[in-house]
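Read through the structure below, which is laid out as structure tokens, and then see the notes.
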Amino acid sequence: MSARIDELRAGLDDVRGRITRACREAGREADEVTLVVVTKFFPASDVRLLADLGVTDVGENRHQEAEAKAHECADLDVRWHFIGGLQSNKAAAVAAYADVVESVDRAKLVAPLARGAAGRPVQVLLQVSLDLPGADHRSGVPVEGVPALAARVGEHEELELAGLMAVAPLGEDPGAAFARLAEVRRDFLAEHPRAGVLSAGMSNDLEHAVAHGATHVRVGSAILGPRPVIL
Ligand SMILES: *Cc1c(COP(=O)(O)O)cnc(C)c1O
């Protein structure tokens, strides 16, 4: 049986290779894309091993689990990305440990995030909905709501508007969805030229995301293995 660190190293090597190849095919440099390893459902000990293997950014989607892990790993030099659905009554607590909050999708979250930022700027990404009209709505601000939400974030000096985040809708070709995202981003960058982060792409679709300009990919199961099934 191989040790956990060997499993993680193999997963990381594989995903880093995929990112490098996707960048080459897109005519981009591999260092333009940051790998955020999504550690949800996996223990703090895995975060520690990943940091030993050179991982600089980790992602979590549930507040209590994320808070506990960030606390346990406070000695590590990793950036914590909050990528999950946010409740406004938890937003201040999330901003206290998260370096980047990727899932900001409504104005109600903005003031509590600023209040929780605890003396250092927290980076904010606006999560954009890529749902086609009539589709089941997943999370994210509708495209037409992006300018107003960006303006709200800009009112708070505790928050740094860093860019956009999206998840490809279920049942749609991710290439088509990320092509729409690239257009949304073009308009957004014209107004916010310094907010250049584009977080898109997961284990199954990172190549499509890199082809459409992602600067950050969020990859979990391709590195850590399948998540435990919650019954
Ligand atoms: C879980 C999750 C990921 C990682 O998904 P994998 O398919 O395991 O790579 C990425 N982004 C978000 C928002 C997630 O919740």
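The values are calculated or read from the model by the stated rules, or taken from the named source; none is laboratory data. Keep in mind it's a predicted model, so treat the numbers as computed, not measured. Here Cβ is always computed from backbone atoms with ideal geometry, including for glycine, and neighbour counts include all displayed protein chains.
In the stretch 19-42, what residues are of a type in the set (S, T, N, Q) and within 10 Å of the ligand (Cβ to nearest atom)? The one that is of a type in the set (S, T, N, Q) and within 10 Å of the ligand (Cβ to nearest atom): Thr39. When Val122 is tested against (1) within 25 Å of Lys69 (Cβ to Cβ); (2) in contact (Cβ under 8 Å) with a residue 40 or more places away in the chain, exactly one condition is not met: (2).
Scanning the stretch 1-23 for residues that are of a type in the set (S, T, N, Q) and part of a helix (DSSP H, G or I) gives a single hit, Thr20. Within the stretch 60-78, one or more residues are in a strand (DSSP E or B), crowded, with 19+ Cβ neighbours inside 10 Å and not hydrophobic (A, V, I, L, M, F, W, C). Looking across the stretch 188-206 at every residue that is in a helix (DSSP H, G or I) and away from the ligand (no atom under 14 Å from the Cβ), the one that is surrounded by the fewest Cβ atoms within 10 Å (Cβ to Cβ) is identified as Ala190. Only residues that are over 15 Å from the mean Cα position of the chain (by Cα), closer than 26 Å to His137 by Cα and not basic (Lys, Arg) were counted in the stretch 70-98, giving 5. Inside the stretch 45-85, residues that are aliphatic (A, V, I, L, M), more than 19 Å from Glu7 (Cβ to Cβ) and within 16 Å of the ligand (Cβ to nearest atom) make up a count of 2. Checked against the criterion of being without any contact (Cβ under 8 Å) to a residue 12 or more places away in the chain and either away from the ligand (no atom under 15 Å from the Cβ) or among the hydrophobic types (A, V, I, L, M, F, W, C) (or both), the stretch 207-227 contains not a single residue that satisfies it. In summary, Ala195 fulfils each of the numbered conditions (1) at pLDDT 95 or above; (2) over 15 Å from the mean Cα position of the chain (by Cα) with the single exception of condition (2).
Within the stretch 131-159, residues that are at positive phi sit with their Cβ atoms under 9 Å from residues that are part of a strand (DSSP E or B) and hydrophobic (A, V, I, L, M, F, W, C), at 6+ positions apart or across chains, in these pairs: Gly140/Leu126; Gly140/Val128; Gly140/Met165. Of the residues making up the stretch 32-40, not a single one is without any contact (Cβ under 8 Å) to a residue 60 or more places away in the chain and not in a strand (DSSP E or B).
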